[in-house]
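The values are calculated or read from the model by the stated rules, or taken from the named source; none is laboratory data. Fair warning: this is a prediction, and the values are worked out from it, not measured in the lab. Every residue, glycine among them, receives a Cβ derived from its backbone with ideal geometry; neighbour counts consider all protein chains shown.
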Amino acid sequence: MAEADKSSPGAADAAAALTLSEYLVAFVLEIVRSPVNIGLVAVIVLLVYKIFFSSHKNQEAAAPIKQLPKLRRDFTVEELRPYNGTGPDGRILVAVNGNVYDVTKGARFYGPGGPYGAFGGRDASRGLATFSVVPGKDEYDDLSDLQTEEMNSVKEWEEQFKERYDLVGKLLKPGEPHTNYSDEEEEEGSQQDNEPKSKTE
Ligand code: HEM
Ligand SMILES: *[C@@H]1O[C@H](CO)[C@@H](O)[C@H](O)[C@H]1NC(C)=O
Ligand SMILES: *[C@@H]1O[C@H](CO)[C@@H](O)[C@H](O)[C@H]1NC(C)=O
């Protein structure tokens, strides 16, 4: 009785160890045998791979976007044209509602081959108002024929640009002089134009 009592826990351990390895083998065999399970495992592996791959890729995609020096100047339509992402620094500017924004960080939208590439280096106002991504006029567009609703839509779009991108300057009408912003270099991100600091108002 005492012997049996002594040996039975050892036997139980061995049995447990056996069952564990047997169980693992059975588990793997069970998975490998069933096509449905193989499919599920493949899906899981693919998803895990994708998650890792995409987060890795995002980091890689974020890194090469160089921080270009901030631009602050006005542009005529002609001066704006080269900034469509094909220049040496890849800078992309888009005008909306008379203001020029630096959308370089949105290159996947406005860069060459992007869905809104036609806006790069151009005044996008008319296109945004009329939901058209076809390049607009080559010369200055005063937008005077747009309906009130269309102009409101342009202004709403500009709010989105304002939130996302840096304001560079104005889109100049023909003959309108360039503003000299060189005395402005104060706070970064301040979108006040040439307003001198005055807290007494
Ligand atoms: C079938 C039609 C369209 C689809 C499915 C579509 C889809 C999208 C999506 C998903 C985004 C957000 C992308 C992101 O933030 O990751 C976006 C952004 C945008 N879309 Fe569209 N779009 C369409 C048509 C248009 C049209 C016709 C215009 C202009 C005329 C337009 C102008 C824009 C602009 C300006 C942005 C903002 C890009 C930025 O973040 O700077 N889209 N669109
Ligand atoms: C970008 O602008 C340059 C110069 O204006 C022009 O030659 C080129 O065709 C444009 N490329 C795209 C993709 O718009
Ligand atoms: C802009 O104004 C500054 C002085 O405030 C001057 O030194 C500079 O030459 C001007 N630049 C242009 C392009 O007129």
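May I ask you to verify whether residue 128 is away from ligand 2 (no atom under 15 Å from the Cβ), in contact with a helix residue (DSSP H, G or I) (Cβ under 9 Å, 6 or more places away or on another chain) and in a loop (DSSP other than H, G, I, E, B)? So residue 128 fails the test. Please state which of the following conditions residue 99 fails to meet, knowing it meets all the rest: (1) in contact with a strand residue (DSSP E or B) (Cβ under 9 Å, 6 or more places away or on another chain); (2) within 11 Å of ligand 2 (Cβ to nearest atom). For residue 99, the exception is condition (2). Count of region 66-108 residues, restricted to those that are surrounded by fewer than 16 Cβ atoms within 10 Å (Cβ to Cβ) and over 23 Å from residue 139 (Cα atoms), is 8. Do we find a residue being charged (D, E, K, R) and more than 12 Å from ligand 1 (Cβ to nearest atom) anywhere in region 100-109? Scanning region 100-109, I find no residue that is charged (D, E, K, R) and more than 12 Å from ligand 1 (Cβ to nearest atom), so the answer is no.
Is it the case, given these coordinates, that residue 58 is among the polar types (S, T, N, Q), at pLDDT 95 or above and under 24 Å from residue 164 (Cβ atoms)? So residue 58 does not fit the description; no. No other residue among 163, 156, 150 is under 19 Å from residue 70 (Cα atoms) and out of contact with any His (no Cβ under 6 Å at 6 or more places or on another chain) apart from 163. Scanning region 160-186 for residues that are more than 19 Å from residue 81 (Cα to Cα) and outside any loop (DSSP other than H, G, I, E, B) turns up 160, 162, 163, 164. Scanning region 73-91 for residues that are among the β-branched types (Val, Ile, Thr) and over 24 Å from residue 150 (Cβ atoms) returns a single hit, 86. Of the residues making up region 156-175, those that are exposed (fewer than 13 other Cβ atoms within 10 Å of the Cβ) and touching a residue at least 12 places away in the same chain (Cβ under 8 Å) are 164, 173, 174.
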